[in-house]
Amino acid sequence: VGSASAVSVSRQVQGTGGSSAISKCSAAERGYFEDRFLRLLAGRRRRRAPLVHRGYYIRARAVDHCVQDFLLKTQSYPRTQILSLGAGFDSLYFRLKDMGLLHHTVMYEVDFPNVACQKATLIKTTKELSALVGDTEGERLVTTAFSGEDYKLLGVDLSELSKLSTALKEAGLDNEVPTLFIAEVVLTYLENSRSDALIQWAAEHFSQACFLLYEQMHPEDSFGRVMQQHFSQLNSALHSLSQYPDCEAQQRRFFEKGWSECSVMDMNEFFTCCTPENEQQRVQSLEPFDEYEEWHLKCSHYFVLTASKGMEPSWTPLLSSTTVPHHHGPVRIVGSINALVCEVRSEASGLRRYGHHSALITPNVILTTGGFGEENGQHCRMRNFHVLIKHEGYWKAGCVKKENHDKRWDERLYHTVSCLSSSLALVVGGRTSPNAALGMLWLKFPKTCNDSDPNDITVEVVSLQPAAEPFALRWRHSTTEVIFKGEKYLFIYGGRSAVQPVLGDWYFLHTPEISCAVV
């Protein structure tokens, strides 16, 4: 039973490599980076979402940044080596060879035997790939799936360190030559004792070595818990998170395992500090994108780490190429505002969210609409309205009943809700996706609300004609009620649209003219 279980786990881990290749291929096809070889290795093709594209873009950029820095720093050496652990169907060798960067470098790739065999077959049967590798060497070892002059593909389980060490030595890996180890979301699938042993083995057995690690971190928050659950459901648990939950723990890990230098940063910092501004602007222009909260949240849960020992000159690609200065001084606090945490006596879900809008519809009733958050234990767009009612000194939460539910409301984000009377609120803008802006709606609610039962409040969604006035097709804007010469206006300002990433225009909406149409 144990053996069958281990086989199942290894198959699932192998599946993550195939999925990763497909995602990278999708990002390359949208122009995030150039890689004409991924489509030859990924097999089936599938279009991924912009958020996924950005995640794989920053991952690919971090790896390329560090690999090319290694090749640049070691160009004076007569020979160098790159060892990619758990390489899967990655195209790194073919890209580097095509760019002419492997004049004195031999690349070794290691993965499960069946993955290595599949990749070897692809290379042999694909003219564009086999032409780059050149003539294959006649003698082949049992663990070597493919062998060329500067490319060796080995089929070995990384968890079996002694077999790995023997196979690499037989394939020609020289422990006296500057060697770069690459592990892209690989070691975390191993038990910590085995991944630790591999990191220590690399430091002890190679006199001049560099290590590049890209993995997940921060398992303790909501995003981290969902991330772990996702991989556990794939039968590919992330083992390193329990013992090495953050950048500091990973850095200590490498120092303790024999590495003399180590730098680490999360992907938000890498994008800000190691990506030129013109490149950031180029990426921004590739496709409609507005999921900045999700993007920064995801980037904060991944890190890139570089470690080295015995290297002359020292290898610090994360420190030597920063485009934005680091600020090490103390954070200055200008001032503070006291705030009280309100007690909520309710088990209602849906209160954890962002991209929503809350409006005071009566002195003791707050209506919350839209956004993205947690409902019934799931991360999702929020379709339900929620209400908070202050009653007898505490707040009660509940889910609002909706009438005449308009489908345009579903999953609306970054809108505004302005209460214009005792029974009417105007919804302006919002979006469902970065290229699908929404117009205006009325929300009708009773003039008097039951302040003891939040679930007894009914809100009616009323269409407004014309709902899609050009000025209303925006999101992340602000609305403020103002009075001019005794007349009420709604001041609508800024935000963004499907066409413009930043808007600087403003409008004054004469509210009596539109509210008279709703009785």
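The values are calculated or read from the model by the stated rules, or taken from the named source; none is laboratory data. Bear in mind the structure is a predicted one, so any value in this text is a computation, not a measurement. Here Cβ is always computed from backbone atoms with ideal geometry, including for glycine, and neighbour counts include all displayed protein chains. These accessible areas exclude ligands, DNA and RNA; they are computed on the full protein's heavy atoms, side chains included. Shrake-Rupley method; radii C 1.70, N 1.55, O 1.52, S 1.80 Å.
Does region 202-235 hold any residues that are part of a loop (DSSP other than H, G, I, E, B) and in contact with a His (Cβ under 9 Å, 6 or more places away or on another chain), and which are they?
MET217, HIS218, PRO219, ASP221
Give the residues of region 188-201 that are open to solvent by less than 40 Å² (accessible area, probe 1.4 Å) and not in a helix (DSSP H, G or I), sorted by residue number.
The answer is LEU190, and nothing else.
What are the residues in region 39-53 that are open to solvent by 30 Å² or more (accessible area, probe 1.4 Å) and among the aliphatic types (A, V, I, L, M), if any? Steps first, please.
Our first condition is that a residue be open to solvent by 30 Å² or more (accessible area, probe 1.4 Å); within region 39-53, this holds for 39-40, 43-52.
Selection gives LEU40, ALA49, LEU51, VAL52.
Give the residue, chosen from THR179, THR126, THR121, that is out of contact with any His (no Cβ under 6 Å at 6 or more places or on another chain), within 20 Å of ALA307 (Cα to Cα) and β-branched (Val, Ile, Thr).
Just one listed residue meets the conditions, THR179.
Output the qualifying pairs, or none if there are none: Cβ atoms under 6 angstrom, residues six or more apart or on different chains, first residue in region 94-122 and at pLDDT 95 or above and outside any loop (DSSP other than H, G, I, E, B), second residue among the β-branched types (Val, Ile, Thr) and crowded, with 20+ Cβ neighbours inside 10 Å.
As it stands, the answer is THR105/THR80; MET107/ILE82; VAL110/VAL156, since those pairs meet every condition given.
Could you look through region 251-269, keep only residues that are in contact (Cβ under 8 Å) with a residue 24 or more places away in the chain and part of a helix (DSSP H, G or I), and pick out the one that is nearest to GLU34 (Cα to Cα)?
Restricting to residues being in contact (Cβ under 8 Å) with a residue 24 or more places away in the chain and part of a helix (DSSP H, G or I), the top hit is MET267.
GLU248 is checked against (1) closer than 19 Å to VAL185 by Cβ; (2) part of a helix (DSSP H, G or I) and fails just one. What number does that condition carry?
(1) is the only condition that GLU248 fails.
Within region 56-95, can you find the residues that are of a type in the set (Lys, Arg) and in contact with a His (Cβ under 9 Å, 6 or more places away or on another chain)?
Step one: list which residues in region 56-95 are of a type in the set (Lys, Arg), which gives 59, 61, 73, 79, 95.
Correct list: ARG79 only.
Please go through region 270-318 and give me each residue that is open to solvent by 50 Å² or more (accessible area, probe 1.4 Å), assigned to a loop (DSSP other than H, G, I, E, B) and closer than 27 Å to VAL226 by Cβ, ordered by number.
PRO288
If you scan region 361-393, which residues turn out to be charged (D, E, K, R) and at pLDDT 85 or above?
Of everything in region 361-393, nothing turns out to be charged (D, E, K, R) and at pLDDT 85 or above.
When region 57-78 is examined, which residues are found to be outside any helix (DSSP H, G or I) and either within 20 Å of ALA307 (Cβ to Cβ) or under 23 Å from the mean Cα position of the chain (by Cα) (or both)?
Listed by number, the residues that qualify are THR74, TYR77.
Residues are listed down the side, and each one gets a yes or a no for (1) in the same structural domain as ASP174 (by the TED database); (2) touching a Gly at 6+ places or on another chain (Cβ under 7 Å); (3) aromatic (Phe, Trp, Tyr); (4) surrounded by 18 or more Cβ atoms within 10 Å (Cβ to Cβ):
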residue: PHE37; (1), (2), (3), (4): yes, no, yes, yes
residue: GLY55; (1), (2), (3), (4): yes, no, no, yes
residue: ARG61; (1), (2), (3), (4): yes, no, no, yes
residue: ASP69; (1), (2), (3), (4): yes, no, no, yes
residue: LYS73; (1), (2), (3), (4): yes, no, no, yes
residue: SER76; (1), (2), (3), (4): yes, no, no, no
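Would you call PRO50 within 18 Å of the chain's Cα centre (by Cα) and either among the aliphatic types (A, V, I, L, M) or modelled with pLDDT of 90 or more (or both)?
Yes: the conditions hold for PRO50.
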